[in-house]
Amino acid sequence: MTNNSQIRIAPSILSADFSKLGDEVRAIDSAGADYIHVDVMDGHFVPNITMGPNVVAAIRPHTKKVMDVHLMIAPADLYLEAFAKAGADIITIHPEAGPHLHRSLQMIKALGKKAGVALNPATPVDEIDHVMELVDLILVMTVNPGFGGQAYIPLEDKISQIRTRINKTGRAIDLEVDGGINDETAKKVIKAGANVLVAGTAVFKDGPQKYAENIKALRGAE
Ligand code: DX5
Ligand code: ZN
């Protein structure tokens, strides 16, 4: 169980109004977002196309918050430098996106960025066994990646197993959960040991005047 004061909320701008992304990022920043979660999709690794490094660079001046870039692209290595230069603070990759996860993580670290590994619902926890010393964040997908607004897949056991492995390292590795997070599912993943919650639909619902309330509700879930 994670102490609620330590919970960080990472609104996914996939659910924002793309016609005014700068305004949307400023709105979630002032509404209390901790990280700005950017879902990058290539129409190949996942069946949807979203945004690339130019969009990260465009929104970067609108916030000082941590830019949390989730790459759902394959290959990822070719684009790591572009996302680093665009202003990403954390770059997260999927093990299935390339043949050499360890090397990809080394590349992210060499660019001076925090490195994350994202595990799809069917991807075993063991994938992270031999890269723990390189990771700053482990992202547990609780939907199959590609779209916002999907139903949460209950993977609390997996989250707990990863929390145990993180605690054994003694390092402050983030345990982030992404997909179908709302006031109800937030309680479950926090109980299982998550400390960073990605939420698209649940944050952006009902327009900018509700963002602060929506974020607070996720953070306050016990
Ligand atoms: C899915 C993305 C998620 C998604 C979350 O591939 O990685 O970040 O946008 O959206 P909600 O919160 O609507 O499930
Ligand atoms: Zn994501």
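The values are calculated or read from the model by the stated rules, or taken from the named source; none is laboratory data. Just so it is clear, the model here is predicted, and its values are computed rather than measured. Methodologically, a virtual Cβ is constructed for each residue, glycine included, from the backbone with ideal geometry; neighbour enumeration extends over all protein chains shown.
Within the stretch 1-55, the set of residues being of a type in the set (S, T, N, Q) and out of contact with any His (no Cβ under 7 Å at 6 or more places or on another chain) comprises Thr2, Asn3, Asn4, Ser5, Gln6, Ser15, Ser19, Ser30, Asn48, Thr50, Asn54. Of all the criteria given as (1) within 15 Å of ligand 2 (Cβ to nearest atom); (2) over 30 Å from Lys205 (Cα atoms), the one not satisfied by Arg171 is (1). For the stretch 204-219, the condition of being at pLDDT below 95 and of a type outside the set (Ser, Thr, Tyr) holds for at least one residue.
Restricting to helices (runs of 4 or more DSSP H) lying wholly in the stretch 123-222: which have 2 or more residues that are surrounded by 20 or more Cβ atoms within 10 Å (Cβ to Cβ) and within 14 Å of ligand 1 (Cβ to nearest atom)? Reasoning before the result, please.
Working: elements: 156-169, 183-192, 201-204, 211-220.
Correct list: 183-192, 201-204, 211-220.
For first residues located in the stretch 14-43 and closer than 16 Å to Lys216 by Cβ, partners that are buried (at least 22 other Cβ atoms within 10 Å of the Cβ) and among the polar types (S, T, N, Q) and lie 6+ apart or on another chain with Cβ distances below 9 Å form the pairs Ala31/Asn214. Of the residues making up the stretch 67-104, those that are out of contact with any strand residue (DSSP E or B) (no Cβ under 9 Å at 6 or more places or on another chain) and without any contact (Cβ under 8 Å) to a residue 40 or more places away in the chain number 10.
The lone criterion from (1) free of Cβ contacts under 8 Å to residues at least 40 places away in the same chain; (2) within 15 Å of ligand 2 (Cβ to nearest atom); (3) basic (Lys, Arg) left unmet by Lys64 is number (2).
Here the stretch 105-122 is the region considered, the condition is being closer than 26 Å to Gly180 by Cα and in contact with a strand residue (DSSP E or B) (Cβ under 8 Å, 6 or more places away or on another chain), and the residue that is surrounded by the most Cβ atoms within 10 Å (Cβ to Cβ) is Gly116. Looking only at residues in the stretch 46-60 that are among the β-branched types (Val, Ile, Thr) and buried (at least 18 other Cβ atoms within 10 Å of the Cβ), which one is nearest to Ile93 (Cα to Cα)? Here the residue is Val46.
With respect to the conditions (1) farther than 17 Å from Asn120 by Cα; (2) among the basic types (Lys, Arg); (3) at pLDDT 95 or above, Arg163 falls short on a single one, namely (1).
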